[in-house]
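A.B. asks: Mind looking over this structure? Questions follow.
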Amino acid sequence: MAQFLLAPKKYESKTTPSIDYFIGSCYAYVGDKARALKYFERVVTNKNSSQEGEKSQLWIQKLNRKLNVGVVFISPSNKGITEANFQNSIMSALSKNNLYNFVLMPETSSSLGADKSSTFQKFLEEQNKNNISVIIYLSQDYSTRKFAVGELGKGDVADQIRLQISSKIYSTKKKSLINSFEKVFENSSIINANINSISNQNISRYSRMLIPELISLGIL
């Protein structure tokens with residue numbers, strides 16, 4: 001994702017249809033709708049009939065429609081980050097985007113069916129009729145362990161935090177899994193009060209990574 005963030009600044013002082021389209025694409029792929037539209041509209045406004053002009057028009061149409069994305073949280077098998085805190089942190093971070101409308105969906109037997117089961121296939125079909133384009137299944141695995149900091153274990157005692165967040169992304173139209181995305185965060189702290197803060201920061205980081213992931217799959 002870093003290349004998409006850095007590339008526009010290198011070319012922003014130059015103006016050609018190709019460069020404007022390139023910059024707009026970079027901003028689109030990191031979920032910056034306002035800046036992306038600015039450059040795509042510049043290409044179209046200049047009445048450019050080139051391939052960049054046609055592709056810019058398509059981008060504008062995609063960016064101006066908000067797709068509904070369902071989010072299902074899988075109950076954690078272990079204790080750690082509470083389910084409510086995990087859900088709230090994820091949904092809060094996702095709601096700040098302006099490309100998708102994220103809809104919290106309940107964890108039910110039909111929504112958690114096996115990929116090829118008729119019950120799950122029917123569930124995906126029903127959600128497609130409800131204008132839900134994609135469903136993301138999110139799960140977490142959280143653990144901490146204490147270890148001594150300092151020579152021969154005589155120093156402070158720190159907490160090592162391990163948070164693994166996984167997501168499976170299903171297309172309701174194709175009724176199939178289209179991608180899975182997993183990230184492991186490992187941190188340590190000698191201050192107990194920092195543990196929740198660190199975990200929340202990592203949850204927010206993962207949420208922000210989901211937007212480019214959806215865009216890279218062509219889900220717009």
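The values are calculated or read from the model by the stated rules, or taken from the named source; none is laboratory data. Everything numeric here is computed off the predicted structure, so don't read it as measured data. When we count neighbours, we look across all protein chains shown, and the Cβ atoms used for this are built from the backbone with ideal geometry, even at glycine.
A.B. asks: For the range 54-68, which positions are surrounded by 17 or more Cβ atoms within 10 Å (Cβ to Cβ) and more than 23 Å from the chain's Cα centre (by Cα)?
C.D. replies: Ser56
A.B. asks: Identify all residues within the range 59-68 that are assigned to a helix (DSSP H, G or I) and touching a Phe, Trp or Tyr at 6+ places or on another chain (Cβ under 9 Å); write none if there are none. Spell out how you get there, then give the answer.
C.D. replies: So in the range 59-68, the residues assigned to a helix (DSSP H, G or I) come out as 59-63.
Once the filter is applied, which keeps residues that are assigned to a helix (DSSP H, G or I) and touching a Phe, Trp or Tyr at 6+ places or on another chain (Cβ under 9 Å), the range 59-68 yields Trp59, Ile60, Leu63.
A.B. asks: Restricting attention to the range 33-46, does a residue exist that is of a type in the set (Val, Ile, Thr) and either touching a residue at least 40 places away in the same chain (Cβ under 8 Å) or within 30 Å of Asn88 (Cα to Cα) (or both)?
C.D. replies: As a first pass, look at the range 33-46 and keep what is of a type in the set (Val, Ile, Thr): 43-45.
Filter once more, keeping what is either touching a residue at least 40 places away in the same chain (Cβ under 8 Å) or within 30 Å of Asn88 (Cα to Cα) (or both): none.
No, the range 33-46 contains no residue that is of a type in the set (Val, Ile, Thr) and either touching a residue at least 40 places away in the same chain (Cβ under 8 Å) or within 30 Å of Asn88 (Cα to Cα) (or both).
A.B. asks: Yes or no: the range 106-113 includes at least one residue that is modelled with pLDDT of 90 or more and farther than 17 Å from Lys173 by Cα. Before you say what the answer is, go through the steps one by one.
C.D. replies: Just the residues of the range 106-113 that are modelled with pLDDT of 90 or more, to begin with: none.
No.
A.B. asks: Give the residue, chosen from Lys122, Lys96, that is at pLDDT 85 or above and basic (Lys, Arg). Walk me through how you get there before you give the answer.
C.D. replies: Numbers: Lys96 fails: at pLDDT 85 or above.
Going through Lys122, Lys96 in turn, just one is at pLDDT 85 or above and basic (Lys, Arg): Lys122.
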